[in-house]
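Comments concern the structure below.
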Amino acid sequence: MRPLQLGWAEGVCVVIGDKIITFDSRSNLNSRGTGFISHAHGDHLHNLSGDGSTYTTPQTLDMARSLMKVGKRRFFTHEIGHRVKLDEVEVTIHNAGHMLGSAQFCIHTPTQTVAYTGDINCRDMFTTNAAEKVECDLLVLETTYGNPFYVFPDLAQTSAEMVEWTVREIRHGRTPVFRVYSSGKPQEIIRIFNIFTNIPVVTDGRIAATTNVYIKNRIPLCYLSCETREGKKALDSGEAVFITSSEVPAEEKRNISVATATGWALNGRQNFRSHSFPLSSHADFRQLVQYVEEIKPKEVLTLHGFKEDFASYIQRKLNVTARPLPPIEQRILREYL
């Protein structure tokens with residue numbers, strides 16, 4: 001078997017002999033190979049059509065189908081903990097803690113193990129458990145918040161601030177609105193209000209669809225869709241919180257107050273027009289460092305976000321060989337295109 005080669009080509013690519021395995025691919029590379037999808041966020045769901053075989057968790061596929069048209073690609077779904085056998089290679093699926101069904105993947109070859117984290121979250125949330133520590137020789141680590149500035153406050157503190165703001169807005173005659181992605185974050189917000197308040201939670205139709213996947217998987221969430229009579233009635237009462245993945249129409253903004261929930265709220269990186277709360281389902285800087293410390297890989301390749309900064313930090317502080325994930329050579333890819 002030829003030496004393993006690993007790099008970036010519109011997704012993470014691992015070439016082992018005459019086999020190519022892609023992770024969260026944005027191209028058609030796995031039309032002749034095997035692809036894995038880590039979770040159901042749009043920036044990881046680019047390649048759902050065409051030929052080839054794709055592996056993911058059943059929860060991720062269910063949410064993807066609730067959000068978009070999925071092609072005729074051959075999908076194989078396996079729960080967390082399952083091992084996929086691909087000739088001399090095995091790929092183990094591990095919990096990533098990022099959202100329902102989110103996965104890390106560990107590739108077991110005859111000579112070494114390679115782990116790809118995707119987006120991970122290393123603390124327990126209200127709808128997910130913390131990511132597993134995946135022992136490996138070589139770690140491909142997503143470093144979205146891989147800068148010392150990004151250390152998130154305690155989840156209970158952030159939740160209390162969100163609830164306090166919501167109650168205040170309702171008392172002032174304004175409908176509180178959280179604008180977030182369609183999956184993951186809205187379910188966390190629903191659960192926060194279910195646990196700490198009796199305030200009715202109303203969502204848009206897309207969020208309702210993904211929330212039903214959570215409920216199907218026995219995560220208790222109480223909500224109303226704005227497309228139902230009950231949901232419209234709750235919003236009209238002025239005493240409900242609304243969660244949406246869409247821009248709020250200008251004509252409706254007079255009696256509402258819009259907030260967002262994201263880790264970027266710590267420094268105002270996004271142009272927030274109103275309130276923002278540092279609620280994130282990603283690992284912050286401290287969690288990423290601890291993750292590397294605990295699994296003790298021989299080498300780390302960083303991906304996205306502060307990839308250069310984080311690689312430099314762990315090389316200096318942890319004495320671990322680290323660098324950003326390099327592009328894979330085009331001459332190698334031509335064999336698979």
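The values are calculated or read from the model by the stated rules, or taken from the named source; none is laboratory data. Predicted model, so just to flag it, every value in this text is computed and none were measured. Here the Cβ positions follow ideal geometry from the backbone for every residue, glycine too, while neighbour counts run over all protein chains shown.
The C-beta contact set for segment 316-328 (first residue under 17 Å from VAL14 (Cα atoms) and in the same structural domain as VAL292 (by TED's automatic domain parsing), second residue of a type in the set (D, E, K, R) and outside any strand (DSSP E or B), distance under 8 angstrom, 6+ apart or interchain) comprises PRO324/LYS307; PRO324/GLU308; LEU325/LYS307. Within segment 206-253, restricting attention to residues that are among the small types (Gly, Ala, Ser), closer than 23 Å to HIS172 by Cβ and part of a loop (DSSP other than H, G, I, E, B), which residue is modelled with the lowest pLDDT? Of everything passing the filter in segment 206-253, GLY238 is modelled with the lowest pLDDT. Whether a residue is modelled with pLDDT under 90, polar (S, T, N, Q) and either under 30 Å from PRO153 (Cα atoms) or under 21 Å from the mean Cα position of the chain (by Cα) (or both) was assessed, and ASN47 passes this test. Determine whether segment 281-288 contains at least one residue that is assigned to a helix (DSSP H, G or I), modelled with pLDDT of 95 or more and touching a Ser or Thr at 6+ places or on another chain (Cβ under 8 Å). Scanning segment 281-288, I find at least one residue that is assigned to a helix (DSSP H, G or I), modelled with pLDDT of 95 or more and touching a Ser or Thr at 6+ places or on another chain (Cβ under 8 Å), so the answer is yes.
Residues in segment 281-291 that are aliphatic (A, V, I, L, M) and buried (at least 22 other Cβ atoms within 10 Å of the Cβ): ALA283, LEU288.
When segment 151-175 is filtered for residues that are of a type in the set (Gly, Ala, Ser), surrounded by fewer than 16 Cβ atoms within 10 Å (Cβ to Cβ) and within 22 Å of LEU266 (Cβ to Cβ), the ones remaining, listed by number, are ALA156, ALA160.
Within segment 21-33, if we keep just the residues that are within 26 Å of ALA131 (Cα to Cα) and modelled with pLDDT under 85, the residue that is surrounded by the fewest Cβ atoms within 10 Å (Cβ to Cβ) turns out to be ARG26.
Might you let me know whether segment 116-128 holds any residue that is crowded, with 24+ Cβ neighbours inside 10 Å, β-branched (Val, Ile, Thr) and closer than 30 Å to GLU88 by Cβ? Within segment 116-128, one or more residues are crowded, with 24+ Cβ neighbours inside 10 Å, β-branched (Val, Ile, Thr) and closer than 30 Å to GLU88 by Cβ. Within segment 202-247, the set of residues being out of contact with any Pro (no Cβ under 9 Å at 6 or more places or on another chain) and among the hydrophobic types (A, V, I, L, M, F, W, C) comprises VAL202, ALA208, ALA209, VAL213, ILE215, ILE219, LEU221, CYS226.
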